Amino acid sequence: MKRMLINATQPEELRIAVTEGNALFDLDIENIAEIRRKGNIYKGKVSRIEPSLGAAFVDFGAERHGFLPFKEIAPQFLPKNKKNNERISIKDCLTKDQEIIVQVEKEERGNKGAALTTIISLAGRFLVLMPNNPRASGISRRLNPAEREKLKSNVEALNAPKEMGVIVRTAGEGKDPEELKWDLQYLLKVWDAISEANVLKKSPFLIYKEDDIIIRTLRDYLKEDIEEIWIDTKEAYDQAEEFVERVMPDQLSMLNRYENTLPLFTRYQIESQIETAYQREVKLESGGSIVIDDTEALVAIDINSSQATSGKDIEETATNTNLEACREIARQFKLRDIGGLVVIDFIDMMRLENKRAVEDEMRKALSNDRARVQIGRISRFGLLELSRQRLRSSLTERWTQDVNTLSTSVLRLVEEETSKQNTSEVRAIVSPDMSSLLLNERRIRLNDIEARSNTKVVVISDATRPDSRFEVLRVKDGKIVDPEKSKSSVSAAEQFEKKSKKSYKKEVAAVNIKPSSRPKKGIISKLVNIFSSKETKKIKVKTPPKNFKRPNKKKPYPKNSNRNQNNQNNKNRKNNFDNKKPRKELKPKIENEKTKVSSKPKKVENEKTKVSSKPKKLSRPKKNTILEKDEKVTSNEKVNKKSSEKKNLNTISQKDSKPEITEDKFLKETAKPKKLSRPKKVDSKSETSSKDVEEKKGFDSNHRASNDPRNNS
């Protein structure tokens, strides 16, 4: 049975755990001193643009400026006057001191600021609205193909604004169009409120704040496979009941109030399992162990056989230990919120089928993970590389080494050990600062634990221990029970610098809208809604900004062709169009040339008019015409302008006289090598003048001789 446990008794932190039986599978802890900004929407100001990084830095109100990469810039910021071939820089999209709306995509890590995006996403129960990204529409890939096709028609019936994108979440499986429309209307109201609040104040300030951990967990992770939800405080229960009744009324029966004196997490024996998430080494049931080391570049996981003897030989023992480690590693990923690059060093296996079995087990164990995971193959060195999506900062990064927080963990472990049967005494070995805190400020709670369990609790101060190292030992009949398995916190967070306790100001969002009650199911309720309700109002959305441009719908490719051919044809057409000169530009040039030629002798002009007035007859070329054309070509290429004028006059006179050509002269001319050119298509039926030919081919009179007869045509 799957349960969701919400523990809010401690004022320092709030914890939510998901268990199956007595095994802990998921954990989320939120400290009050910690500020969570992921998902929040701010109005920020561009403080610096770095073209070398392809990014901009935005001041949105945090201590460190946020990092906005070029890929996270919305289409509305892209320049419209740029050509397709021209490369766009981030300087073309943003300017310094420009005010923009940004959303936090990743929390701050170490010395790095938060990762920002201008592509806003608003998450609802069934849908995710992308107000400025119309190309983001889609359906969750985790759904089967038949359900995806059904949801496509339901999404089209919503008539969402064309400038916005809508994504259907996994929770939208099997939902009616009315329920999807209800969720969309709520998200549109939120976006309208964000747009209005953007104008009210100058940057930087918080516009919209993501829901707290209780509502966020119920909204995102409450599925049908969870059968019970237990909450141990009245305030948290009332908050959850209000949200579930308004958004998920069919799952209201799952909520239960826990009122037992025994702590909730101790009742289901998961307190000790939570402590393993802070430890470097995790024991396996077979006797093996895994060691998890978090570094700046990656997370390294080493698997050791230790005392494991579950197989007949070394190969079988190594395979069984590796298979068990795969399941535990997948569980630790969720508990520790491990993200980024992970390298696993498996125990060496010789057989290929055993390596493939371990890879398949790893994929199976991570199949139900909320984060996206990419898994590689086991290399010849026995290493497996994988990458996991970073949903939130890891547990070691969020876990503070404050004495108050650590003392709460010690009290929880003491309470769990005292609840076990036949326990005569519980000893807590801690640092001097923590011992003084437990014996003074937390003395009342220690007395309550002793009175409830009728067990003596002893606090021992050890000057050699830092605050992060403590031990809780259980004594039975004067002997320590399982001293090697005693609960101790050897935190991996010691590798990081000690976080100083700071007093943060609570951020207040300008927009705070709650969803309306969800439409009820059933025929009777639908009939009541139809007859009682007034005319349905159309969804009104504010007009998009002036610089917004709707994406053009591409026409389908023609039959018997593919995308690459079509793109190549478009390129050729474009090049031909660019090279071709317009006729309007050629006409004035030709007129100017006419005026120049008109000053020449009248005899030449008469000869030109005779030649141009004769229509060209297309027939098989004769020998003498070939020679005449060849003489013209050679004279135009080799002789300068003055000699070419005389040649042209001679050729005109030769046409009238038509001299006979001897065989020797013909053989000499034909023996010369000539450049071959591809023949051009000529329409035999069309009779065009020399002027039309010049205009079609794009000839310019500047490239001819001054007395060429075609200049006056």
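The values are calculated or read from the model by the stated rules, or taken from the named source; none is laboratory data. Since the model is a prediction, treat every value here as computed from it, not as a measurement. For neighbour counting, all protein chains shown are included, and Cβ atoms are generated from backbone atoms with ideal geometry for every residue, glycine included.
Observations on the model:
- Against the numbered list (1) touching a strand residue (DSSP E or B) at 6+ places or on another chain (Cβ under 6 Å); (2) under 20 Å from Q10 (Cα atoms), M434 comes up short only at (1).
- Listed by position, the strands (runs of 3 or more DSSP E) inside segment 197-266 whose residues that are touching a residue at least 24 places away in the same chain (Cβ under 8 Å) and closer than 28 Å to E507 by Cβ number at least 3 are 205-208.
- Residue within segment 457-468 that is on the phi < 0 side of the Ramachandran plot, modelled with pLDDT of 90 or more and touching an Asp or Glu at 6+ places or on another chain (Cβ under 8 Å) present: yes
- Every residue from segment 346-396 that is within 24 Å of G110 (Cα to Cα) and in contact with a helix residue (DSSP H, G or I) (Cβ under 7 Å, 6 or more places away or on another chain): R388, S394, L395, T396
- The conditions of being within 30 Å of K514 (Cα to Cα), assigned to a strand (DSSP E or B) and within 22 Å of the chain's Cα centre (by Cα) are met by Q103.
- Scanning segment 310-342 for residues that are under 14 Å from S387 (Cα atoms), crowded, with 18+ Cβ neighbours inside 10 Å and of a type in the set (A, V, I, L, M) yields I329, A330, I338, V342.
- Which numbered condition I16 misses (of (1) surrounded by fewer than 20 Cβ atoms within 10 Å (Cβ to Cβ); (2) outside the structural domain of K202 (by TED's automatic domain parsing); (3) part of a strand (DSSP E or B)): (1)
- Among the residues listed as I6, I32, the single one being within 30 Å of E259 (Cβ to Cβ), aliphatic (A, V, I, L, M) and loosely packed, with under 14 Cβ neighbours inside 10 Å: I32
- Scanning segment 180-209 for residues that are within 16 Å of K38 (Cα to Cα) and in contact with a helix residue (DSSP H, G or I) (Cβ under 7 Å, 6 or more places away or on another chain) turns up I207, Y208.
- Of all the listed residues (I292, I378), the sole one being buried (at least 19 other Cβ atoms within 10 Å of the Cβ) and within 22 Å of Q279 (Cβ to Cβ) is I292.
- Whether a residue is in a loop (DSSP other than H, G, I, E, B) and either modelled with pLDDT under 90 or assigned by TED's automatic domain parsing to the domain that holds Y258 (or both) was assessed, and E30 does not pass this test.
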